[in-house]
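The values are calculated or read from the model by the stated rules, or taken from the named source; none is laboratory data. Because the structure is predicted, anything quoted here is derived from the model rather than measured. Heads up, the Cβs are rebuilt from the backbone with ideal geometry, glycines too, and the neighbour counts pull from every protein chain shown. The protein model used for the area step is the full one, side chains on, heavy atoms only, and it has no ligands, DNA or RNA in it. Shrake-Rupley method; radii C 1.70, N 1.55, O 1.52, S 1.80 Å.
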Amino acid sequence: MRANITAALNKPVETRATTLNGAQATVEMLRAHGVEIVFGLCGDTSLPLYDALRSSSLRHVLTRDERHAAYMADGYARVTGKVGVCEGPSGGGATYILPGLVEANESSIPVLAINTDISVGSRGRFTLTELDQRALMRPLTKWNAVLDRAADIPRTFRQAFEAMTTGRPGAAHIALPYDVQTSPVDAADVWADPSLGVFPSRRVAPDPDLISLAAKILRGAKSPLFICGGGVVISRAESELRELAEKLGAAVATTISGKGSIDERCSQSVGVVGSNGGTAETRAIVDAADVIVFVGCRAGSVTTERWRHPAPGDARIIHIDIDPAVPGRNYKVDVPLVGDAKLALAALVESVNPRDGDLTAVDAQKRAKFEKFDALARSDASPILPERVVQQVSALLDADAQLVADPGTPCPYFSAYHLVRGTGRRYFSNRAHGALGYSLAAAIGAHFGRPGVKTVAVMGDGSFGMCVGELETLARLKLPLTAIVISNAVYGWIKAGQRSSYGQRYFSVDFGVTDHAAVARAYGIRSWRVTEPKQLEKTLNEAFAAGEPTLVDIVCQPLHEAKAPVSEWVA
Ligand SMILES: Cc1ncc(C[n+]2csc(CCOP(=O)(O)OP(=O)(O)O)c2C)c(N)n1
């Protein structure tokens with residue numbers, strides 16, 4: 001694929017016309033960057049764009065709001081390694097697309113959002129839907145522009161793709177006014193480097209002197225531990241990570257976004273650490289390490305339980321990140337390695353000699369963690385324990401399946417106990433902002449990215465309320481996805497915080513019971529409501545195998561009453 005990309009480098013797109021209108025040029029610029037699918041929602045200012053999309057080879061997925069269009073583009077980008085593209089109209093279309101764009105940007109996922117806009121000639125005249133898209137998007141995207149002239153379209157799109165896929169990947173936004181869409185563009189200017197449509201598109205390696213220093217520290221380490229963030233999977237550095245960890249006999253932990261860095265069944269793997277998906281046992285492994293290598297991980301509040309695990313000064317720190325602002329931000333770093341994770345790990349592989357590591361303590365902690373889990377997962381209690389749900393879902397899904405988890409019960413439980421078998425992006429959650437209601441749309445995007453595998457979205461009922469409209473998209477497109485609702489009629493994660501930290505002074509966290517299966521049926525989706533643990537296996541099996549959209553509503557024990565895997569609720 002890379003070879004084809006290089007061969008096609010900078011070729012003008014094939015078109016017989018010598019002049020395109022701005023909307024057509026926009027579509028051709030997307031195609032020239034290898035884009036195949038666009039998620040979005042129509043509007044008055046988008047009519048020229050829709051006319052151009054209609055006669056193009058791009059697939060358009062009509063969504064039911066722009067936030068979900070952005071989440072779909074995000075899910076698509078995460079599982080394909082290609083830029084995800086979404087679009088919407090002016091005004092509300094821009095304000096609604098923003099939440100998805102912010103999540104992608106903070107999660108280092110390249111998503112390009114295009115909002116059409118009122119005509120340049122109508123600016124400043126109280127025109128319906130007018131708003132300052134430049135100012136709105138600037139603080140929350142990696143790169144953004146508002147077009148004033150059609151002639152600038154090709155250059156602007158080239159810049160956007162370059163910004164999204166080089167350095168720390170991120171989101172970009174382009175505002176496309178109505179009259180810019182209808183004005184002429186010279187077809188000869190419409191060209192692109194398609195390698196900028198995948199990420200990372202330009203890898204840079206860290207300083208070799210610092211690699212030598214890091215290798216020296218690793219050679220002297222007794223219990224080295226890698227803590228991998230999303231950067232490992234983004235960089236496709238899994239095999240270099242495995243090689244290095246095996247050579248050093250080191251343990252490998254991950255953040256939630258780092259799941260997929262390592263096959264979680266192998267002896268090296270620790271699982272997820274931190275306050276959302278970590279357990280007392282994984283915390284003990286972090287505390288025992290004498291050298292920690294953060295890889296593509298910001299060492300943020302959740303991963304480090306508010307910068308206490310590892311405790312500052314307890315371990316020597318090597319920090320690999322593409323963003324120079326990351327190493328040294330939260331921990332005093334012995335060696336900052338600024339560069340692409342794959343290149344940095346490959347350089348370290350070359351610089352260290354094989355040594356015997358002792359993973360017996362890691363093995364004992366993992367056993368202890370799963371003994372507790374297994375006991376709860378066998379429970380026939382009703383309402384159903386979250387552990388039972390995780391155990392059943394994991395057991396029934398193929399290793400290849402992709403699972404998207406919302407905040408609330410799903411994220412900590414699935415992060416802790418759903419083992420990713422194999423490497424690459426097979427499990428993810430929206431860890432930058434953790435907004436409820438992400439998983440359904442992100443799973444739809446992930447399905448379009450990898451249509452050959454089973455895709456599952458797991459959400460709480462709080463999340464269901466924030467994404468229910470997209471059930472129509474699921475039904476209309478007949479996508480063979482399964483949505484699982486952990487149903488407990490409460491914003492359980494917050495109630496758990498009121499229980500653990502505010503003396504059980506519960507306030508305004510409970511809501512009414514909804515029959516989510518009945519709601520799904522009204523959209524034309526095959527669905528089940530499960531109240532007894534014994535019904536789970538048969539129902540999930542049927543839902544997963546159905547080859548059509550399915551929803552399983554599972555009446556579960558509320559999080560504040562369950563034993564959550566999190567060690568602490570930390571803000
Ligand atoms: C958009 C948004 N608003 C508020 C929150 C804060 N929040 C985090 S978890 C949570 C409760 C989740 O409830 P639910 O989806 O029902 O799952 P449960 O915790 O009950 O399993 C809330 C309100 C959030 N993450 N996102």
Can you name the residue in the stretch 474-492 that is at pLDDT 95 or above, among the small types (G, A, S) and buried (at least 17 other Cβ atoms within 10 Å of the Cβ) and, of all such residues, is farthest from the ligand (Cβ to nearest atom)?
A475
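Take the residues of the stretch 45-75 that are among the basic types (K, R) and over 15 Å from the mean Cα position of the chain (by Cα): which is most open to solvent (accessible area, probe 1.4 Å)?
So the residue we want is R54.
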Are there helices (runs of 4 or more DSSP H) fully within the stretch 165-248 with at least 3 residues that are acidic (D, E)? List them.
238-248
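Condition check ((1) surrounded by 15 or more Cβ atoms within 10 Å (Cβ to Cβ); (2) in contact with a helix residue (DSSP H, G or I) (Cβ under 7 Å, 6 or more places away or on another chain); (3) without any contact (Cβ under 8 Å) to a residue 12 or more places away in the chain) across all residues:
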| site | (1), (2), (3) |
| --- | --- |
| G469 | yes, no, no |
| E472 | yes, no, no |
| W528 | yes, yes, no |
| K534 | no, no, no |
| E542 | no, no, no |
Only residues that are within 24 Å of G300 (Cα to Cα) and open to solvent by 40 Å² or more (accessible area, probe 1.4 Å): list them for the stretch 345-365, please.
Q365
Can you go through S90, S56 and tell me which one is under 18 Å from N144 (Cα atoms) and modelled with pLDDT of 95 or more?
S90
Looking at the structure I just gave you, is R78 open to solvent by 10 Å² or more (accessible area, probe 1.4 Å), under 20 Å from T26 (Cα atoms) and charged (D, E, K, R)?
no
Let me spell it out: the conditions are (1) surrounded by fewer than 24 Cβ atoms within 10 Å (Cβ to Cβ); (2) in contact with a Gly (Cβ under 9 Å, 6 or more places away or on another chain); (3) not in a loop (DSSP other than H, G, I, E, B), and E264 meets all of them except one. Which number is the exception?
(3)
Considering only residues of the stretch 108-131 that are part of a loop (DSSP other than H, G, I, E, B) and closer than 26 Å to V83 by Cβ, which is modelled with the lowest pLDDT?
L131
Kindly list the number of the only condition in (1) touching a residue at least 40 places away in the same chain (Cβ under 8 Å); (2) within 16 Å of the ligand (Cβ to nearest atom) that fails for R425.
(2)
Which of the numbered conditions does M459 fail, given that it passes all the others? Conditions: (1) closer than 15 Å to P549 by Cβ; (2) away from the ligand (no atom under 12 Å from the Cβ); (3) open to solvent by less than 20 Å² (accessible area, probe 1.4 Å).
(2)
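This table checks each residue for (1) more than 21 Å from Q402 (Cα to Cα); (2) within 18 Å of the chain's Cα centre (by Cα).
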residue: L248; (1), (2): yes, no
residue: V252; (1), (2): yes, no
residue: I256; (1), (2): no, yes
residue: V270; (1), (2): no, no
residue: C297; (1), (2): yes, yes
Close pairs (6 angstrom Cβ cut-off, 6 or more residues apart or separate chains): within 16 Å of the ligand (Cβ to nearest atom) in the stretch 376-394, among the aromatic types (F, W, Y) anywhere
P386/Y413; E387/F373; V390/Y413; V390/F414; V390/Y417
What do you reckon, is G503 farther than 19 Å from E387 by Cβ and either within 10 Å of the ligand (Cβ to nearest atom) or at pLDDT 95 or above (or both)?
no
Identify all residues within the stretch 494-515 that are among the aromatic types (F, W, Y) and in contact with a helix residue (DSSP H, G or I) (Cβ under 6 Å, 6 or more places away or on another chain); write none if there are none.
Y506
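Rundown of residues vs (1) in contact (Cβ under 8 Å) with a residue 40 or more places away in the chain; (2) of a type in the set (D, E), yes/no style:
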position: R31; (1), (2): no, no
position: G34; (1), (2): yes, no
position: D44; (1), (2): yes, yes
position: L58; (1), (2): no, no
position: D74; (1), (2): yes, yes
position: R78; (1), (2): yes, no
position: C86; (1), (2): yes, no
position: T95; (1), (2): yes, no
What about S415, is it polar (S, T, N, Q), more than 26 Å from L101 (Cβ to Cβ) and either within 13 Å of the ligand (Cβ to nearest atom) or touching a residue at least 24 places away in the same chain (Cβ under 8 Å) (or both)?
no
